[in-house]
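Structure record follows, encoded as structure tokens.
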Amino acid sequence: MKNSKKLLEKRIALNDSQVNGGRAMSTNALCTKFTYGDHCADKTTTMYDDQGNTIGTPASSAWQV
């Protein structure tokens, strides 16, 4: 049986396409800060992009120690 090379080829058309919504090769940083007071502790978590801008709203929580 004779195989055709075209049957084994796979082509992907990348004309006018975007990768990852146009944000290819980006990273994010997740920072968490703990502060402690009199019988109370606070935790704030913030996410940053490559340029140092805050992504979304910082998440805060507090509890008694």
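The values are calculated or read from the model by the stated rules, or taken from the named source; none is laboratory data. Bear in mind the structure is a predicted one, so any value in this text is a computation, not a measurement. Virtual Cβ from ideal backbone geometry, glycine too; neighbours counted across all protein chains shown.
Data table
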{"item": "Candidate set: the range 14-31, residues that are surrounded by 10 or more Cβ atoms within 10 Å (Cβ to Cβ) and in a strand (DSSP E or B); chosen: the one modelled with the highest pLDDT", "result": "31"}
{"item": "Any chance residue 41 is modelled with pLDDT of 60 or more, more than 30 Å from residue 63 (Cβ to Cβ) and more than 24 Å from the chain's Cα centre (by Cα)", "result": "no"}
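Yes/no per residue for (1) modelled with pLDDT under 85; (2) in a loop (DSSP other than H, G, I, E, B); (3) surrounded by 10 or more Cβ atoms within 10 Å (Cβ to Cβ); (4) not acidic (Asp, Glu):
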residue: 12; (1), (2), (3), (4): yes, yes, no, yes
residue: 34; (1), (2), (3), (4): no, no, no, yes
residue: 47; (1), (2), (3), (4): no, no, yes, yes
residue: 52; (1), (2), (3), (4): no, yes, no, yes
residue: 59; (1), (2), (3), (4): no, no, yes, yes
